[in-house]
Every structure is written in C-alpha cells, then in structure tokens.
Amino acid sequence: GLTFVVSLLAMVINIGLNLLSLNIGNPNMGSLLGSIVSMVLNLMAAGAIVYVAFQHLRGVRVGMKEGLAYAASRIAPLFLAALVLGLGIGIGMILLIVPIFACAAVAAIPVCMVEKLGPLDCIRRSMALTKGYRMTIFGAVALIGLAMFALSFLAGIIGMALFSVSVSSPLITFFFVALLSLLFTLVPSTLFSLLTTVIYADLRNMKEGISRESLAEVFD
C-alpha cells in the first residue's frame with residue numbers, strides 16, 4: 001500500500017513539474033527535475049522493500065514506513081549507485097552487453113542497504129557475488145523483465161484506446177493513463193526488488209555461509 005502511494009506521488013510530482021515547465025517555457029528543466037524526483041522516490045521504495053524483506057526473513061514484522069525511513073538514510077549512495085548503473089546500462093546498450101552488466105550488478109541495491117558501501121563499491125561487490133551465477137540470474141531477471149514489458153505494452157494499448165475515445169478532457173485522460181501504467185508496472189517492479197533481495201541473500205549464504213537471519217542483524 002505505502003509503496004503504491006510513494007510511486008503515485010513520484011508520478012504526480014513528475015507530471016506536475018512537466019506541466020509547470022511548459023507554462024514557464026522551459027520544458028527540459030521540468031522533465032529533468034521530474035525525473036530526478038521520481039528516481040529518488042522510487043529508489044526509496046525499492047530500498048524499503050529490501051529492508052522489509054530482510055526483516056521478514058528473520059521473523060521480524062515491520063512496515064514500509066520503517067523501511068522508507070531506513071532507505072531515506074541511505075538515499076545518497078542509492079542515488080549515486082543508480083546513476084552509475086544507468087550509465088553502465090547505457091554503455092552496455094552501445095556494446096550490446098546489457099544483459100551481462102545488468103545480471104552482474106543485480107544485487108547492487110541490496111548491497112547498498114545491507115553492507116552500507118559506496119556506489120562504486122556496491123556495484124563491484126555485486127559483480128563479485130554474482131560471478132558464476134549470472135546465467136541463472138539472467139533467467140529469473142528476464143522473466144520479470146518480460147512481465148514488466150508486457151504490462152507496459154498493455155497499458156499503452158489501453159491508453160491509446162482511451163485517448164481515441166476521450167478527447168474532451170485530455171489532461172484527465174493523461175493522468176488516468178499514467179495511473180493505469182503505474183498500476184501495471186508496480187507489481188512486477190516490486191517483485192523485482194524482492195527478487196534482488198533473495199538473490200543477494202542466497203549468494204551470501206552459498207559463497208560466504210552467512211544466513212539470511214544474520215544478514216538482517218545489520219539493521220539492529
């Protein structure tokens with residue numbers, strides 16, 4: 001529930017900043033600010049899911065409110081790690097090695113939350129942990145990625161249909177379509193955050209013999 005609220009807030013702020021920038025004649029500024037705000041809020045949601053998941057793995061029941069508070073304390077390295085990941089994926093697209101890099105760095109966010117490393121160290125640590133298991137990870141990540149793509153595609157089709165039959169209030173229709181897209185992508189994105197948490201925990205257990213319960217003790 002709270003994850004949805006945070007994601008919805010990110011979407012509303014993004015739309016609001018874009019509309020404001022159009023009114024002042026500087027659309028690029030609004031788009032940039034909106035993207036940054038959305039990225040920060042969505043990273044907080046992803047980090048909160050990692051926190052809550054680890055607490056549940058050791059039988060401690062906590063809510064997303066506590067998770068968001070902890071993620072907020074780690075937002076700077078989370079944000080920088082996400083920027084580096086985005087740059088790496090961009091370079092990977094040019095070199096056609098996106099799957100390899102994405103699977104190697106899949107545990108970067110859990111590493112940032114649990115081990116409290118800097119952004120570059122998070123990615124290096126993820127690469128070390130995933131070595132030898134990247135093809136297996138690729139299969140799991142690909143399934144979530146296909147689900148996100150399929151749901152986004154479906155939301156786009158529904159959105160175009162809505163725009164074609166509702167031209168009297170385009171702003172309301174646009175907001176509804178954006179909300180629909182959020183609903184269709186929130187579930188797989190949440191599952192992806194949970195998947196990265198489980199992957200990280202299992203890799204630590206297999207490679208270093210550290211149990212999930214022991215990992216969660218860092219949050220005490």
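Each other residue within a Cβ distance under 12 Å of R204 adds +1 if Lys or Arg and -1 if Asp or Glu, for a net charge of -1.
Along the stretch 196-207 the Karplus relation, 6.51 cos²θ - 1.76 cosθ + 1.60 evaluated at θ = phi - 60°, assigns HN-Hα couplings of 5, 5, 5, 4, 4, 4, 5, 5, 4, 5, 6, 8 Hz to successive residues, with x for each Gly and Pro. Taking 0.36 nm per residue of separation and subtracting the Cα-Cα distance, full extension of the segment from L87 to E213 would add 42.0 nm.
Laboratory data are not the source of any read-out in this text; all were calculated from the coordinates shown. Bear in mind the structure is a predicted one, so any value in this text is a computation, not a measurement. Note that we place each Cβ from the backbone using ideal geometry, even for glycine, and neighbour counts take in every protein chain shown.
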